[in-house]
Amino acid sequence: MALHAEAASAALADAGLRADEVDGVLCAYSLAEPHLMLSSVFNEYFGIAPSYSAAVQAGGATACALVMQAAALVRAGICRNVLAVCADNRLTGLGRSGAVAALAEVGHPQFERPYGMSIPAAYALVARRCMFERGVTAEHLAAISVTQRGHARRHPKAQARDPLTMEQALSARMIADPLRLYDCCLVSDGGAALVISAADAAADHTDRAVSILGYGQMNTHEHAFAMPSLTDFGCRQSAAQAFAMAGLTPADIDVAEIYDSFTITLLAELESIGFFPKGEAGPAILDGALELDGVLPCNTHGGLLSYGHSGAAGGMFHIVEAVRQLRGEAEARQVAGAETAFVHGDGGILSAHCSLILGRA
Amino acid sequence: MAAKPVPLVTADTRTFWDACAEGALTFQRCAACGHVQFPPRPFCTACRAAGPGTERSAGLGTIHSFTIVHRAPTAAFKADTPYVLALVDFDEGFRLMVNLRGGPPSDARIGLRVRVLFEPLAGGGALPQVRPLVE
Ligand SMILES: [Zn+2]
């Protein structure tokens, strides 16, 4: 809970809000510190009594879902200032093996877990099929981890900042063929929080707010064996909703922060969302499309692969980075003139999807 | 060493696991609309009709995708690595996650034709798996 509180305090300070001005609190879940009512646990610990509070569990989609729900609460007039907070101390609380084992529990208790399914194995099933149908190669995937490591090296708080070469990525130990070590996200401690306010409430406190231009969700399945497709995912529909609400298209986006639990997660989502035609994301990434000066600067903080992944907070790191980019506060990794940002989270095995489009206010 | 997880049988799936113990792979087909579904449940997910019928599969299928697992999820699977985890589309129109047996992991490929086999479970019952189909 200390991580939750630290993130919440920082977000409130950034927003220029006192804790007693928060009338809505949304929390996620924690593997290291599980509780049936995590938001109530947080409120008590933080010393606040909001009129609206709930915990949300949608895996990697949770952070985006919190923002979408907060925006809806504000639009409905139920809340003025919603604090959305996520944290987990997976690395020190569970350890790397403990986290892997805990996450494998999401497999179906009858039809997946007895077969030794792991989360990397489930995503490897997606990767293998994308290689078969779309011509995705190991080099395409490695280029993602190398690009994002380059971004992380410009972020002083990133967890993995050692140089990473294509050769290293392509020869790293195999985790679940075809996914190697650097195709998999990190296990981290961390927290992140955001304040989502009514526009006039925000204007009273800060001139650094960004706008939520659009959002959308899609939920197609939960378990790997029930995936309707291994190459096309619900991010297509969630993103389409968000783009329609914002009145924008993928071509209008200046910077993208897209869930990258594995390299294949990002590649598959880039194609499903429509940033690249089918089969073209991999070659484009090899060509530098996701670099800071590329056609779609992506995961500019280093993403879950290199910045860090601490549960639901991992997804929130993407949103925080989008906000920093839109405010022009991303320092060495700033995308010049960033005015629109696309953020996406997915939970499960590409099961639950939530997309956000943010804009410079 | 921790034991491998065994299927946690529910009221919905007892018929399926009882059949596995007898060496039969079963699935459901809706009498109202013909929809094929797996795992079993008391209604059709396509038309919502109650009580889809249980049928016996011929046990033949095709690998839709696979991975070779090198990093086991838990200690219970460590001695098995590297092992093949596959999604198999059975000919009747339902999909199972299984392990590929009966050859080296390098035999696995998308499109490989496979036949079901049943591995005894500690404590009774059997787990459906597949091996390459030799015509
Ligand atoms: Zn039916």
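The values are calculated or read from the model by the stated rules, or taken from the named source; none is laboratory data. Computed from a predicted model, the values in this text were never measured in an experiment. Cβ placement follows ideal geometry from the backbone for every residue including glycine, while neighbour counts extend to all protein chains displayed. Accessible surface is based on the protein model in full, side chains and every heavy atom, while ligands, DNA and RNA are left aside. Shrake-Rupley method; radii C 1.70, N 1.55, O 1.52, S 1.80 Å.
Could you name the lysines in cross-link range of B:K4, using Cα to Cα under 28 Å and dropping any fewer than eight places away on the same chain?
Counting by Cα, and skipping residues close in sequence, B:K4 has these lysines nearby: B:K78.
How high is the relative contact order of segment A:1-118? Use alpha-carbon pairs under 8 Å, at least six apart in sequence, and give a whole percent.
Once normalised by length, the contact order is 30 percent.
Largest first, how would B:V116, A:V295 line up by accessible area (1.4 Å probe)?
A:V295, B:V116
Length gain on complete extension for the stretch A:A240 to A:S9, per 0.36 nm per residue less the alpha carbon to alpha carbon distance?
Gain in length upon complete extension: 79.7 nm.
Would you work out the charge dipole size for segment A:29-170 about its Cα centre, treating the Cβ of every Lys and Arg as +1 and the Cβ of every Asp and Glu as -1, and quote it to the nearest 20 debye?
Using Cβ point charges on Lys, Arg, Asp and Glu, segment A:29-170 gives about 380 debye.
For the protein assembly as shown, which cysteines have no disulfide-compatible partner, meaning no other cysteine Cβ under 4.7 Å?
So far as the 4.7 Å Cβ criterion goes, A:C27, A:C79, A:C86, A:C130, A:C184, A:C185, A:C235, A:C298, B:C20 stand without a partner in the protein assembly as shown.
Can you compute the charge dipole magnitude of segment A:184-269 about its Cα centre, using +1 on each Lys and Arg Cβ and -1 on each Asp and Glu Cβ, nothing else charged? Give it in debye, rounded to the nearest 20.
200 debye
Give me the percent of Cα-Cα pairs in the protein assembly as shown that sit more than 44 Å apart, rounded to a whole number.
Every Cα pair in the protein assembly as shown considered, those over 44 Å come to 16 percent.
Less than 14 Å Cβ to Cβ from A:Y45, Lys/Arg counted +1 and Asp/Glu -1: what total charge do the surrounding residues give?
Neighbour charge sum, excluding A:Y45 itself: -3.
Just to confirm a number: summing +1 for Lys and Arg and -1 for Asp and Glu over residues other than B:V130 whose beta-carbon lies under 9 angstrom from that of B:V130, what do you get?
Net of charged neighbours comes to +3.
Sequence gap at least 6, Cα distance under 8 Å: using those rules, report the relative contact order of chain A to the nearest whole percent.
Relative contact order, chain A: 25 percent.
Roughly speaking, to the nearest percent, how much of segment A:9-147's 1.4 Å accessible area is carbon and sulfur?
55 percent
For segment B:1-16 and segment B:109-130, write down the distance between their C-alpha centroids in whole Å.
Segment B:1-16 and segment B:109-130 have Cα centres spaced 15 Å from each other.
Taking the Cα centre of the protein assembly as shown as origin and charging only Cβ (+1 Lys, Arg; -1 Asp, Glu), how large is the dipole, in debye to the nearest 20?
Rounded to the nearest 20 debye, it is 1020 debye.
What's the total accessible area buried between chains A and B, using a 1.4 Å probe, rounded to the nearest 100 Å²?
That pair hides around 2900 Å² of surface in total.
What are the membrane-span-like helices in chain A by this rule: whole DSSP H runs, Cα extent along the axis at least 18 Å, mean Kyte-Doolittle hydropathy at least 0.5?
A:2-15, A:62-75
Segment B:15-44: which residues show an accessible-area loss of 40 Å² or more, assembly versus chain alone, 1.4 Å probe?
B:P39
Mind checking B:2-12 for the average number of partner chain beta-carbons within 10 Å of each residue's beta-carbon?
Neighbouring Cβ atoms belonging to other protein chains average 3 per residue here.
When the Karplus curve 6.51 cos²θ - 1.76 cosθ + 1.60 is applied with θ = phi - 60°, which whole-Hz ³J(HN,Hα) does each residue of segment B:107-121 get, with x for Gly and Pro?
Once rounded to whole Hz, the list reads 6, 5, 7, 5, x, 4, 7, 9, 10, 5, 9, 10, 9, x, 9.
Please list, in chain and number order, the residues 5+ apart from B:E119 or on another chain whose amide H is under 5 Å from its amide H, with Hs placed from the backbone.
It is B:L127, B:Q129, by chain and number.
A drop of at least 30 square angstrom in accessible area, chain alone versus all protein chains together, probe 1.4 Å. Which residues of segment B:60-90 meet that?
Checking the loss per residue gives B:H64, B:S65, B:F66, B:T67, B:I68, B:H70, B:R71, B:P73, B:F77, B:L85, B:L87.
May I ask which residue of A:G247, A:I144, B:P73 lies farthest towards the positive end of the charge dipole of the protein assembly as shown, with charges of +1 (Lys, Arg) and -1 (Asp, Glu) on Cβ and the Cα centre as origin?
The residue sitting farthest along the positive end of the dipole is B:P73.
Local charge sum around A:G216 (other residues, Cβ-Cβ under 14 Å, Lys/Arg +1, Asp/Glu -1)?
-1
Distance from the Cα centre of segment A:56-78 to that of segment A:227-295, in angstrom?
Using only Cα atoms, the two centres lie 22 Å from each other.
Using the heavy atoms of the protein chains alone and a 1.4 angstrom probe, what is the accessible area of chain A per residue in square angstrom?
35 Å²
Once you order the gyration tensor axes a ≥ b ≥ c over the Cα atoms, which shape class does segment A:125-258 get: rounded for a/c under 1.5, otherwise prolate or oblate by comparing a/b with b/c?
Oblate.
Quick one: Karplus J couplings for segment B:46-56, per residue in order, coefficients 6.51, -1.76, 1.60, θ = phi - 60°, nearest Hz, x for Gly and Pro?
For segment B:46-56, the Karplus curve yields 8, 10, 6, 4, 7, x, x, x, 9, 10, 8 Hz.
Suppose we compare each residue of segment B:101-123 in its chain alone and in the full protein complex with a 1.4 Å probe; which ones drop by at least 10 Å² of accessible area?
Going by heavy-atom accessible area, the residues of segment B:101-123 that drop by at least 10 Å² are B:I110.
Any idea what diffusion coefficient segment A:213-361 gets from Stokes-Einstein, in µm²/s, Kirkwood Rh on alpha carbon pairs, 4 °C, 1.567 mPa s?
86 µm²/s
Output the relative contact order of segment A:182-261, whole-number percent, from Cα pairs under 8 angstrom with separation of 6+ residues.
Computed value for segment A:182-261: 30 percent relative contact order.
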